[in-house]
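The structure under discussion appears below in the form of structure tokens.
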Amino acid sequence: MQTSSFTLTADGGTGPQDLILVQRAVRGERVAIEEVLVRLSCVVRFVFRLNKTLGYGLSTESLEDVVQQVYMAVWPRLGEFEGSSAIESWVYGFCRNCLRAETRRRRMVARVPLVEPDELDRRPDASIGPAPTEALALEEGIDSLRVELDRLKPVEREAVVLRHLEGWSFETIARRQGIPASTVKDRCYRALLRLKGRMKSRDVSA
């Protein structure tokens, strides 16, 4: 088994120090929240380095999606941070798991055979497609998502729709909006956090 030379180093602080910082952030202290966000900049470095050292071979665009997934996974679980290690070491596990999950998902999608529309008409199985109750739940979920999207700030809604519904790259959206790509990523991240919280309060899986 090949041993990776990739090692973790904390950008600052120790486990106990970081626990105090995270607890302050969870309580809503703005300065602490901003410092935690700065510390979470390690996510980009970890995801791209892990992709290279583990040989997953994901594209830059795919890795940007993984980075967003890590942020979405980490932030709601800050309260679970116990301070047994630095923030960076704790976040590393999220990076590894999200990267592995995304790789597995893309491999599964690549194995799904393409079915032509007229071929579906020739199949004897009449159960193709979701059951009526599942279809109704899906429709309600989509309606709820549309409502919550409309509640976002226009610039955030545009960024989320273009990136996650229409598949535009962060760079293309940035050129369209006349802002840095990093600002687009930040808008998407914060908007997705709000969407996740609001959909959860509606008892709809997000």
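The values are calculated or read from the model by the stated rules, or taken from the named source; none is laboratory data. Remember, it's a predicted structure, so these values are computed and weren't measured experimentally. All Cβ positions, even for glycine, are placed from backbone atoms using ideal geometry, and neighbour counts span all protein chains on display. For the accessible areas, the whole protein counts, side chains as well, though only heavy atoms, and no ligand, DNA or RNA atoms are used. Shrake-Rupley method; radii C 1.70, N 1.55, O 1.52, S 1.80 Å.
Some values worked out for this structure:
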| read-out | value |
| --- | --- |
| Gain on full stretching of the segment that runs from Arg175 to Arg194 - 0.36 nm per residue minus C-alpha separation | 4.4 nm |
| Length released on extending from Glu34 to Met108, taking residue separation times 0.36 nm less the Cα-Cα span | 22.9 nm |
| The stretch 158-195: GluC sites (Glu not before Pro) falling in loop per DSSP and having at most 10 other Cβ within 10 Å | Glu166 |
| Accessible area in the full protein assembly, largest first, 1.4 Å probe, for Asp186, Asp65, Asp18 | Asp186, Asp65, Asp18 |
| Local net charge near Ala32, Cβ-Cβ under 11 Å (Lys/Arg +1, Asp/Glu -1) | 0 |
| Note, ³J(HN,Hα) from phi for the stretch 40-46, Karplus 6.51, -1.76, 1.60, rounded to Hz, x at Gly and Pro | 6, 4, 5, 4, 4, 4, 5 |
| Translational diffusion coefficient (Stokes-Einstein; Kirkwood radius from C-alpha pairs) of the stretch 40-93 at 25 °C, 0.890 mPa s, in µm²/s | 208 µm²/s |
| Inter-site label distance for Val26 and Thr53 at 7 Å from Cα along Cβ, in nm | 2.8 nm |
